[in-house]
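First comes the structure, then the notes that go with it.
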Amino acid sequence: MNPSFSAAPCEPHLFPFVRRALSVLYSPVLDADDGGRAAADAYLVRFQSRNPRRKRDSMATRCRAHAANSDAGLLSDDDEKDFVGYGENVDGDVSLTVGSTWLTCLALLSSKSTGPAERAFAAQTIARRLRRMRLSDAVDLEFEPGLSSCFRHSQRDLYEFTKRMGWNEVFRSLLFRSMVEERIDISSSAVGTLVMDATSGLCLACCSRREEEGNRATYLALASATAAAALRVRYCPSISPDRLGGGNSTPPLVEILARSLQSAARFLGPGAHRDLGRSIAETSGELVDLVLGSPSIRGAGRGLSLDPRRIMAAAGELRNSITGIGSAAVVASSAGAGADSLLLCAGKWAGAVPLTPEVLDLLQVPLRKALGGVCPQNTPAHSFLLAVYENAITSRDEVAASLLGMTEENSNGRRRKGRAKKRHEQRKKAVNLQVDLSQGGSFSVDKEMCARKEAAVAVSALAWCGDGGLLSSLQQILVVADQDVVSEIEGEGIVGVAAAGVAAVLPFLLEGGGRATQQHYQHQQGEMVELFSAHLKALCELCTSKNRSVRALAYDALLALHNGTVKAWRRSKQPTVIVSKEEREMAEMAVLGVYQCVMALATACAYPPDYFLHLSVDADVGLEIERNDVRDMLRSTTVPEEEMDDSHPALLVFENVLVACNDAIHCATDNNRLPPEAAVHALSALAKPLNTLGRRLTTNRSVRCISIALEALSSCCRGIVCRVDVTPVNIAELLPVGRLVGLATAALAPMFSALCGAGVPGEVREAAARTINLMVHAALRSILVLPELCAASSLGESQYDIRGGETGISMHFQPLMYSCIPWH
């Protein structure tokens, strides 16, 4: 049975003081007599970090040193009054060496009268002390008044002491059975058994109530404490660092956790066995966060006070597929962990190490089952997929640091200096030279990065391909999101998973990663093309969504896809590389997909029809930010390179975008309408790549792109002139289009200068001259109708130069800088 928490007629020495400080800290009404929340917070911080044994030894050393140099042999007042109870009169002689933090925390966790905040504080205190202190320092039982003499006689006295405190019999036996049965000495290395019994028992007992209000934080803190205790038991100071790589008879970390939790489950009864698998899964996940770090907690060994060599040894053990993720998955599954528990555990492991085919086979059924429903919020399955994808796109330096088992900072968060920094740089250099310091084997950072990406591809094949894949669920979620276009969509749900999957999987497949994935995970090449198509379709769904927050989540993924196509193009130009038929097909799909996505984004950020009817209203900040982002995306996906030919992906996307803008403008002008604002906006955003291309007309496609751009600009200007001259024009329609044409005229001055120079084909030169004349004519006609177009810019006083701002002036627009246009 699960232990019941009963009230205690007898309490540890520090118990009432800690409860009083917590009541002041969390009370909505501040009691002035207690000194306020600041005093309570300071007391609790000292309570968490106090180390009575170190203080006692330090005081004894100072006494001996003082007695040797002076006849007085006295301590200062500060030493005698170091740590008094909260609210006590500091004139007493109670020193830091009175009271047990460990026993006080156990009492807070076991008492029925304590609330969720008090239990969470106690659990977090235990976890913090186990991360920062040796086991013998963290378990300070001998400093409890009335117990110090017990340790010189029998450990059963501690058992009897907790009985007087009113603790439940099962709970007391669970916490202290190692002392009752083995009569161990609390100061010996066997204290690890006591710590593992207590933390694992408390964690398992709390697991059944983890979903109750306030208990989740307590449960996670106890899981972290159990992981820290296992780490210290495995790599205790009594073991020489030279033996950490092997020869140590202590069981592996995952096995230590499993044995301790299984023992606690047998002691607690049948009810605890239902939560055993979940506890094993989540404590092993906390172990990964503690040693290796995770995507959400970047920094291996963060907050862990342990020899760096031992951290490296622990990292090597957890990275081993046999003693690490493979062992954790098998043990948790055999103990009855559910699908959510397995995926949460695998997500934490996948954030630090590559998934093996064996683990993926074990997760196949739980993953497909979890992804069967439609849920926009974050779920364990979504967290797992995000961890796999983020692990796949980790930078080279972060992978090297992960292989070291540490980061650029010490465990206390400070930057390394001097010799510590030099040793760290030597270890990083050794990693890059494919030397594993902790295991004595060899590996490569490049191989590690490839393994992570292969795992991402294999997981995506399960999640996105076949019936019941994520694509259909994404489409249903986007239908709901489109109905409320202003709602915020979180990036950790299915929409964030779709974007992260594109960034992690598609560039790797374009670079030939599908071949390696086939060998390790037994996939067919046709499945890779299907997977590529599914991810690309998901990206297009995001970009065509009516919800602005959904479209914003697609930016990074779209840019990663474009960069992947460019890298694949460069790779295909190498003489030793053989590009398969499927890879060429995926490259063509990628270019078309990038074009469709950027055009969808450009269309979606167009001004609403009535946007300029209310010129005294401030600009829509969200819309203007999105338009800036879309302009950056258009330039990033079309900017030409120094060395390229007509098959370069950026040039292909560039041509498709120009053709689409030209067709939209022609269609409008042929029907006596103003050019569509979205097409003119996209065309003006391409000023930078057009200027670059105008100076380098080295290929047939580059000449064709310039010709299409000039034709589109000419059609746009003719449309404005015809519309203004023939019929009365709506100011709200002319304002955005005329302004954009003026901005494009000024921004394209370098291109016109290059096209009017020598060495340019005659037809291109003539087309440029005609376009310049038309642009000037259109600008003059627009200014006659709307003189505000040539007003001075207000960007120096306002954030956006569009609509009325706080200055009270209706419109502020940049002037048409025709003086920049060269005339030849």
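If you filter segment 766-802 down to residues that are charged (D, E, K, R) and open to solvent by 80 Å² or more (accessible area, probe 1.4 Å), you find that the one that is modelled with the lowest pLDDT is GLU797. On inspection, GLU763 does not qualify as acidic (Asp, Glu), touching a residue at least 60 places away in the same chain (Cβ under 8 Å) and open to solvent by 10 Å² or more (accessible area, probe 1.4 Å).
Scoring VAL330 on the criteria (1) at pLDDT 85 or above; (2) surrounded by 20 or more Cβ atoms within 10 Å (Cβ to Cβ) leaves a single failure, condition (2).
Picking from residues in segment 476-504 that are at pLDDT below 85 and within 23 Å of the chain's Cα centre (by Cα), the one that is most open to solvent (accessible area, probe 1.4 Å) is GLU488. Every listed requirement among (1) over 37 Å from the mean Cα position of the chain (by Cα); (2) open to solvent by less than 10 Å² (accessible area, probe 1.4 Å); (3) of a type in the set (Lys, Arg) is met by ARG627 save one, (1).
So that you can scan it fast, the table gives a plain yes or no per residue for (1) β-branched (Val, Ile, Thr); (2) free of Cβ contacts under 8 Å to residues at least 40 places away in the same chain; (3) at positive phi:
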{"position": "THR638", "(1), (2), (3)": "yes, no, no"}
{"position": "CYS667", "(1), (2), (3)": "no, yes, no"}
{"position": "ASN691", "(1), (2), (3)": "no, no, no"}
{"position": "ARG695", "(1), (2), (3)": "no, no, no"}
{"position": "SER714", "(1), (2), (3)": "no, no, no"}
{"position": "VAL721", "(1), (2), (3)": "yes, no, no"}
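Among the aliphatic types (A, V, I, L, M), farther than 17 Å from VAL254 by Cβ and at pLDDT 80 or above: is that true of LEU343 in this structure? So LEU343 fits the description; yes.
Please determine whether any residue of segment 256-266 is open to solvent by less than 10 Å² (accessible area, probe 1.4 Å) and either in a loop (DSSP other than H, G, I, E, B) or at pLDDT below 85 (or both). Taking every residue of segment 256-266 in turn, at least one turns out to be open to solvent by less than 10 Å² (accessible area, probe 1.4 Å) and either in a loop (DSSP other than H, G, I, E, B) or at pLDDT below 85 (or both).
The residues on offer are ALA463, ALA498, ALA504, and the sole one that is out of contact with any Ser or Thr (no Cβ under 9 Å at 6 or more places or on another chain), among the small types (Gly, Ala, Ser) and under 19 Å from ASP556 (Cα atoms) is ALA498.
Of all residues in segment 330-345, those satisfying the criterion of being part of a helix (DSSP H, G or I) and out of contact with any Phe, Trp or Tyr (no Cβ under 8 Å at 6 or more places or on another chain) are VAL330, VAL331, ALA332, SER333, SER334, ALA339, ASP340, SER341, LEU342, CYS345. For segment 346-374, enumerate the residues that are open to solvent by 10 Å² or more (accessible area, probe 1.4 Å), in a helix (DSSP H, G or I) and of a type in the set (A, V, I, L, M, F, W, C). Listed by number, the residues that qualify are LEU360, LEU362, VAL365, ALA370. Per the listing ALA552, ALA534, the residue uniquely closer than 22 Å to GLN475 by Cα, open to solvent by less than 30 Å² (accessible area, probe 1.4 Å) and among the aliphatic types (A, V, I, L, M) is ALA534. Here GLU118 passes the criteria (1) over 32 Å from the mean Cα position of the chain (by Cα); (2) open to solvent by 10 Å² or more (accessible area, probe 1.4 Å); (3) modelled with pLDDT of 85 or more except the one numbered (1). What residue, among those in segment 307-327 that are small (Gly, Ala, Ser) and out of contact with any Phe, Trp or Tyr (no Cβ under 9 Å at 6 or more places or on another chain), is most open to solvent (accessible area, probe 1.4 Å)? Here the answer is SER321. In the set (1) closer than 23 Å to LYS688 by Cβ; (2) of a type in the set (S, T, N, Q); (3) at pLDDT 85 or above; (4) out of contact with any Leu (no Cβ under 7 Å at 6 or more places or on another chain), SER819 fails one condition alone, (3).
Screening ALA744, ALA678 for residues that are open to solvent by 10 Å² or more (accessible area, probe 1.4 Å) and within 27 Å of VAL594 (Cα to Cα) leaves exactly one candidate, ALA678.
All conditions but one from (1) open to solvent by 60 Å² or more (accessible area, probe 1.4 Å); (2) at pLDDT below 65 apply to TYR26; the one that does not is (2).
The values are calculated or read from the model by the stated rules, or taken from the named source; none is laboratory data. Just so it is clear, the structure is predicted and the values come from calculations on it, not from any experiment. Positions of Cβ are backbone-derived with ideal geometry, glycine not excepted, and every protein chain shown enters the neighbour counts. Remember, those area values only see protein heavy atoms, side chains included, never the ligands or the DNA or RNA. Shrake-Rupley method; radii C 1.70, N 1.55, O 1.52, S 1.80 Å.
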